[in-house]
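Q: Have a look at this one before I ask anything.
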Ligand code: PAF
């Protein structure tokens, strides 16, 4: 595995791969790799060669007062994990390589980026779309792999790819969960003591929605009431938003007629300043006449 720090060298490597008609797969990450990331790398390895993984803690997607400075950085372990999985190139650019002095061009995906996470974290998706477009321009991958845990991010990036006629195809991979249901996230590292157990209420509440749907409930308001009821039993967890939205527009739905997401964000921890904000979702799909719910 070769570690690359400069854009010029990464572009050269990508150009050589294309010249040899290789199918380049790309997994962009912010490091602190966990099984969720590793599942993306494995999916990329099955479909592509060479595989490029980037590690870049992107400052423009963190708001003031967010966790940029304390975001977990575990480079040596990340490097070893990539090496073990047969990653070909690890792209680790310094911040001033991606954002040189005077940088002033940003990507906004109107509408989709202002809802849900975007409402709670203004500017977040502008930073995500900007860095992903830059990374796509540098790596020029045939396929790029993202996790469904960040369903809104995937939807926004799909829109960006379509609107800007990019050549990269996005591949969305399933959410990877701990045995007790907690969705893997680099931010799980912040959970202390009882917070780790309390955090499973995100999964449990989505599972309550699944149970309601299986029992025949179809009213989004009643489904969300069941979700809130489940979360309320965990006093240290406070919902930031819980919505059932159309998978395409990300607007709230009045009925479960086509593909939807139950989107959930919550703070775990009684002290708001020290609480950990986690997100999770469930995918609801109409299959024939019945609804399939995937957590
Ligand atoms: O999902 C992430 O880890 C980040 O948002 C991404 C896509 C690597 C962009 O910084």
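A short reminder: the numbers here are calculations on the coordinates, not readings from a lab. None of the values given here were measured: they were computed from a predicted structure. For neighbour counting, all protein chains shown are included, and Cβ atoms are generated from backbone atoms with ideal geometry for every residue, glycine included.
Q: Before rounding to the nearest 500, sum -39500 (n - 2.57) across all DSSP H runs of length at least 4 in the chain and divide by the residue total; then give [θ] at 222 nm in deg cm²/dmol.
A: Mean residue ellipticity at 222 nm (helix-derived): -10500 deg cm²/dmol.
Q: Any chance you could run the full-extension gain for residue 228 through residue 9? It's 0.36 nm times the residue separation minus the Cα-Cα distance, nm to one decimal.
A: Here the answer is 73.8 nm.
Q: Rounded to the nearest 0.05, what FRET efficiency is calculated for residue 137 and residue 254 with R0 set to 30 Å and r the Cβ-Cβ distance? Before the final figure, lay out the partial values.
A: Details: r = 40 Å, r/R0 = 1.33.
Efficiency at R0 = 30 Å is approximately 0.15.
Q: Ranking request for peptides 50-58, 229-237, 136-144: highest mean number of other beta-carbon atoms within 10 Å first, then the rest in descending order.
A: 50-58, 136-144, 229-237
Q: May I ask you to order 61-74, 151-164 by the average number of other C-beta atoms within 10 Å around their residues, highest value first?
A: Going from most to least packed, we get 151-164, 61-74.
Q: To the nearest 10 degrees, how steeply does helix 7-19 sit against the main Cα axis of the chain, on a 0 to 90 scale?
A: For helix 7-19, the angle is close to 90 degrees.
Q: Another question, then. Listing 185, 39 from the residue with the fewest other Cβ atoms within 10 Å to the one with the most, what is the order?
A: 39, 185
Q: What FRET efficiency comes out for residue 163 versus residue 273 if R0 is 41 angstrom and r is the Cβ-Cβ distance? Round to the nearest 0.05.
A: Efficiency computed from Cβ-Cβ geometry: 0.60.
Q: How large is Rg/Rh for the stretch 167-239, to two decimals, with Cα atoms and a Kirkwood Rh?
A: Here the Rg-to-Rh quotient is 1.06.
Q: Here is a follow-up. Going by Cα centres, the stretch 204-250 and the stretch 53-79 are how many Å apart?
A: Cα centroid of the stretch 204-250 versus Cα centroid of the stretch 53-79: 30 Å apart.
Q: Going by C-beta contacts inside 10 Å, put 6, 105 in order with the fewest on the left.
A: On the way: 6 13, 105 7.
Ascending Cβ contact count within 10 Å gives the list 105, 6.
Q: Something else: Hey, what angle do you get for helix 151-163 against the long axis of the chain, alpha-carbon based, 0 to 90 degrees rounded to 10?
A: Helix 151-163 and the main axis of the chain meet at about 50 degrees.
Q: Per residue Cα convex hull volume for the chain, in cubic angstrom?
A: 138
Q: As I understand it, the value is the acute angle between the Cα axis of helix 124-139 and the longest principal axis of the Cα atoms of the chain; what does it come to in degrees, rounded to 10?
A: Helix 124-139 sits roughly 30 degrees off the main axis of the chain.
Q: Going by how many other Cβ atoms sit within 10 Å of their own, how do 284, 23, 7 line up, fewest first?
A: Listing 284, 23, 7 from fewest to most nearby Cβ atoms yields 23, 7, 284.
Q: By DSSP, what percent of the beta bridges with both residues in the chain are antiparallel, rounded to the nearest 5?
A: Numbers: 26 of 44 bridges.
Of all bridge pairs located within the chain, approximately 60 percent are antiparallel.
Q: Classify the stretch 136-295 as rounded, prolate or oblate, taking a ≥ b ≥ c as the square roots of the eigenvalues of its Cα gyration tensor: rounded when a/c is under 1.5, otherwise prolate if a/b is larger than b/c and oblate if not. Kindly include the intermediate steps, with their values, before the conclusion.
A: On the way: a/c = 2.09, a/b = 1.22, b/c = 1.72.
Oblate is the answer for the stretch 136-295, as a/c is 1.5 or above yet b/c matches or exceeds a/b.
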